[in-house]
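First up is the structure itself, then whatever we jot down about it.
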Amino acid sequence: MKDFVIIGHKAVTAPFSLNDLPGAAGRMDILCRCVNAALFLSHDLRRDVRVYLVLKGEPVPPKLIRFDGAEVRYLSPDERSAASLIKKALEKNVQEFWTESTPGVYIRKGTFSDLLVELGKKIIYLREDGENVRRMTFDEPLFVLGDHLGLTDDEEKTIETNEHEILSVGPLSLHADHCIVLLHNEMDRVEKHI
Ligand SMILES: C[S@@+](CC[C@H](N)C(=O)[O-])C[C@H]1O[C@@H](n2cnc3c(N)ncnc32)[C@H](O)[C@@H]1O
């Protein structure tokens, strides 16, 4: 299983309009693109992938959303489709445990730190100045990426209290969804021996 965690510092925690994902929804567009980059192949889904979104925007943060590639339905490869499933999840009365909102999409109350404890895996934190991804091999990886704001000092400290590595996919600062595509490509090449 490959896990991706993306932190949305402004991503709203109540239902939002699908017509203003970058603005009123708090850069929800970034998270939606990450969901698509992590899960979609051409005409298929990556069933060995789970995507976790940490929503830290108003009015009732923090909330966690999970897309499970093995189970997800009603998701098509456009931002609005992912956004609509996130919006449906936010319409649920959230608990401290995961509840399913639509097939393969789950929501719970919880912090980034709660999520790391739950997953209990070594963290691979994606950052521009990290070690070269091409020197690494991955076994059941848990990748953590930031949104347009990167990660806060507190979030970095949370990572540092866990077993972790800091990796870079290249010399330039990229969008988080593009990093996910590059990570998949690196792993695909290793898995297919090319
Ligand atoms: C748009 S970037 C964030 C830029 C933000 N201004 C900052 O200072 O962190 C979004 C995320 O993509 C990841 N990222 C971007 N470029 C990367 C690279 N070359 N290697 C590894 N991760 C990268 C990081 O996780 C980053 O938080």
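Rounded to the nearest whole Hz, the Karplus-based 3J(HN,Hα) values (6.51 cos²θ - 1.76 cosθ + 1.60, θ = phi - 60°) of the range 114-121 follow the sequence 4, 5, 5, 4, 4, 6, x, 10, with x at glycine and proline. Its Cα centre serving as origin, the range 2-191 has a Cβ charge dipole (Lys and Arg +1, Asp and Glu -1) of approximately 540 debye. Taking every DSSP beta bridge that has both residues in the range 2-191, what percent is antiparallel when rounded to the nearest 5? Here the share of antiparallel DSSP bridges comes out near 45 percent.
A simple spin-label model places pseudo-atoms 7 Å from Cα toward Cβ; at E118 and E131 they are separated by 2.8 nm.
Local charge for G57 was computed over the other residues whose Cβ lies under 11 Å away, with Lys and Arg +1 and Asp and Glu -1, and equals +2. With 27 Å as the limit on Cα-Cα distance, the pairs of K10/K157; K56/K192; K87/K157; K2/K87 that go past it are K56/K192; K87/K157.
Amide H to amide H distances under 5 Å link F40 with R46, where only residues 5 or more positions off or on other chains count and H is placed in the peptide plane.
Subtract the Cα-Cα distance of W98 and E156 from 0.36 nm times their separation in residues, and report this length gain in nm to one decimal.
Numbers: separation 58, 0.36 × 58 = 20.88 nm, distance 2.49 nm.
Contour length minus Cα-Cα distance gives 18.4 nm.
Readers should treat all values here as calculations from the given coordinates under stated rules, not as data from a laboratory. These figures come from a predicted structure and were not determined experimentally. Cβ coordinates were reconstructed from backbone atoms using ideal geometry, including for glycine residues, and neighbour counts include every protein chain displayed.
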